[in-house]
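Undergrad: Structure below; questions to follow.
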Amino acid sequence: MNNKEIAKKRVFIRTFGCQMNVRDSEVISGLLDKAGYKLTDDETKADIEIMNTCSVRQLAEDKVWSAVGRSKAKIIGISGCMANNYREGIFEKAPKVDFVVGTADIGKLPGILKEIEKHKGGVLEKKIYETDADLREDEIYHTGFHLDKEHAFVVISEGCENYCSYCVVPYVRGKLRSRDYGDILDEIREDIDSGIKNITLLGQNVNAYQFKDVNFVELVELVNSVKGLKEFSFVTSHPKDTSLELFKAMRDCDKLKKYLHLPVQGGSDRILKLMNRGYTRQFYTNLVADYRKTVKNGELTTDIIVGFPTETEEDFEETRDLVKDLEFNAAYIFKYSVRPHTEALKLADDVPVKEKERRHKIILDLQKSISKKKNEK
Ligand code: SAH
Ligand code: SF4
Ligand code: F3S
């Protein structure tokens, strides 16, 4: 197949899940653009549809299966976390799918597409899956493709090895790998040269960043000194790795947004222990006090899971009280969802759906009134 023929092929990328996936979809777009494909945002005109998927909760996966069912594209591929969760099992669950490409394998996409197009419609019907890579090449981050003209996501670390007992991410994204800070800074400078003004540094646990002698606080200081950068922020922070040093850097770095997303997940020490979060309610509360003392007028948001296995009414009330006491600017509240591979899989999912819904609504309503009050101030 020559480049002229490829140029006729239109690719639609459908993104599910977190900001990491939004960035990965940009990376995929950049790679395919370079390889001569035409990107489209009109799914009805796509020859090829790539679903960049999320496995974090059952609901996230259900959305993907129904999108596959609806897709009219001639060639359908699955990338992202479900690719690693199911691997070639995807072909059994969804026979319409032609290829599966894992989270660390996206650099192979142009090659995979060429191969698939050779076979599709030919004598040989071939399915391809590539989910074995451990590492991404740093080059894939440098295609310069961004959905927003002024804002760019910059991945600083991939994977996670915290193994929170409910979470599938370490199994689908692999072990923690911190990118070379020299390369991160080069990427930011390239972004600025192309007109980007704001940056979000991305990682599942940015605070665990360590490349040679540079830790996260030092990286933040390096980024702050990049010429031409107007503003930057970072997500997500794990409380156990968040320190007063970081809050001081937030206070002192003039370009750093005073915004901290610090998922607490729950307010009961018993449940936090079962979740393998590595901190207590008191530790978290102290951290928030330090943050508020050090970073004046800082915003604070969190994530909460209700209905974790064995969560009693008392455990739940501890979460409710924590939300009431700490007055977050916003909270993202999730109903516990059983995930494959995880430790919590061994515990019975014993909080009934109705009860999860009740607890979810209580925290949601409570947080709504807190957010409203805070925004009026
Ligand atoms: N690395 C980030 C984000 C992880 S996923 C962090 O640690 O904060 C985003 C959120 O999804 C988590 O914070 C958690 O609240 C929620 N989540 C993860 N797994 C879940 C599960 N099995 N059921 C319900 N919510 C879950
Ligand atoms: Fe999942 Fe915990 Fe890692 Fe976040 S820190 S991605 S919740 S294992
Ligand atoms: Fe993100 Fe979902 Fe994967 S939250 S890391 S896309 S499981």
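The values are calculated or read from the model by the stated rules, or taken from the named source; none is laboratory data. What you are looking at is a predicted structure, and each value in this text was computed from that prediction instead of being measured. Positions of Cβ are generated from backbone atoms using ideal geometry, with glycine treated the same way; all protein chains shown enter the neighbour counts.
Undergrad: Kindly indicate whether Val206 is within 14 Å of ligand 3 (Cβ to nearest atom) and under 22 Å from Arg87 (Cα atoms). Give the steps one after another, and end with the answer.
TA: Details: within 14 Å of ligand 3 (Cβ to nearest atom): yes; under 22 Å from Arg87 (Cα atoms): no.
No, not satisfied.
Undergrad: For the stretch 339-359, state whether one or more residues are in contact with a strand residue (DSSP E or B) (Cβ under 6 Å, 6 or more places away or on another chain), within 16 Å of ligand 2 (Cβ to nearest atom) and closer than 19 Å to Cys167 by Cα.
TA: Taking the stretch 339-359 as the starting set, the residues that turn out to be in contact with a strand residue (DSSP E or B) (Cβ under 6 Å, 6 or more places away or on another chain) are 356, 359.
With the extra rule that they be within 16 Å of ligand 2 (Cβ to nearest atom), the set shrinks to none.
No, the stretch 339-359 has no match at all.
Undergrad: Separate question: Which condition number in (1) surrounded by 21 or more Cβ atoms within 10 Å (Cβ to Cβ); (2) assigned to a helix (DSSP H, G or I); (3) within 15 Å of ligand 1 (Cβ to nearest atom); (4) not small (Gly, Ala, Ser) is the one that Lys240 fails?
TA: Status for Lys240: all satisfied but (1).
Undergrad: Given the residues Gln282, Gln367, which is the only one that is under 24 Å from the mean Cα position of the chain (by Cα), outside any loop (DSSP other than H, G, I, E, B) and assigned by TED's automatic domain parsing to the domain that holds Pro170? Don't jump to the end; show me each part of the working.
TA: Working: Gln282 fails: under 24 Å from the mean Cα position of the chain (by Cα).
Checking each option against the conditions leaves just Gln367.
Conditions (1) within 23 Å of the chain's Cα centre (by Cα); (2) more than 18 Å from Arg173 (Cα to Cα); (3) modelled with pLDDT of 95 or more, marked per residue:
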position	(1), (2), (3)
Lys9	no, yes, no
Phe16	yes, no, yes
Glu26	yes, no, yes
Ser29	yes, yes, yes
Leu32	yes, yes, yes
Glu43	no, yes, no
Ile50	yes, yes, yes
Ser55	yes, no, yes
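Undergrad: Identify, please: which residue in the stretch 153-190 is within 24 Å of Ser225 (Cβ to Cβ) and among the hydroxyl-bearing types (Ser, Thr, Tyr) and is, among those, farthest from ligand 3 (Cβ to nearest atom)?
TA: Of the residues in the stretch 153-190, the ones within 24 Å of Ser225 (Cβ to Cβ) are 153-157, 178-190.
This time we only want the ones that are among the hydroxyl-bearing types (Ser, Thr, Tyr), so: 157, 178, 181.
Values: Ser157: 12, Ser178: 16, Tyr181: 22 Å.
Applying the filter and picking the extreme gives Tyr181.
Undergrad: Out of Val206, Val154, Val214, Val172, which single residue is crowded, with 20+ Cβ neighbours inside 10 Å and either charged (D, E, K, R) or farther than 29 Å from Lys34 by Cα (or both)? Give the steps one after another, and end with the answer.
TA: Numbers: Val154 fails: either charged (D, E, K, R) or farther than 29 Å from Lys34 by Cα (or both); Val214 fails: crowded, with 20+ Cβ neighbours inside 10 Å; Val172 fails: either charged (D, E, K, R) or farther than 29 Å from Lys34 by Cα (or both).
Selected residue: Val206, the only one of Val206, Val154, Val214, Val172 that is crowded, with 20+ Cβ neighbours inside 10 Å and either charged (D, E, K, R) or farther than 29 Å from Lys34 by Cα (or both).
Undergrad: Output the helices (runs of 4 or more DSSP H) that fall wholly within the stretch 158-231 and possess 2 or more residues being more than 30 Å from Pro340 (Cα to Cα) and either away from ligand 1 (no atom under 16 Å from the Cβ) or modelled with pLDDT under 95 (or both), or say none.
TA: Numbers: elements: 169-173, 181-193, 216-224.
So the answer is 181-193, 216-224.
Undergrad: Consider Ile196 against the criteria (1) buried (at least 19 other Cβ atoms within 10 Å of the Cβ); (2) within 27 Å of Lys240 (Cβ to Cβ): it satisfies all of them except one. Which criterion is unmet?
TA: It fails just one condition, (2).
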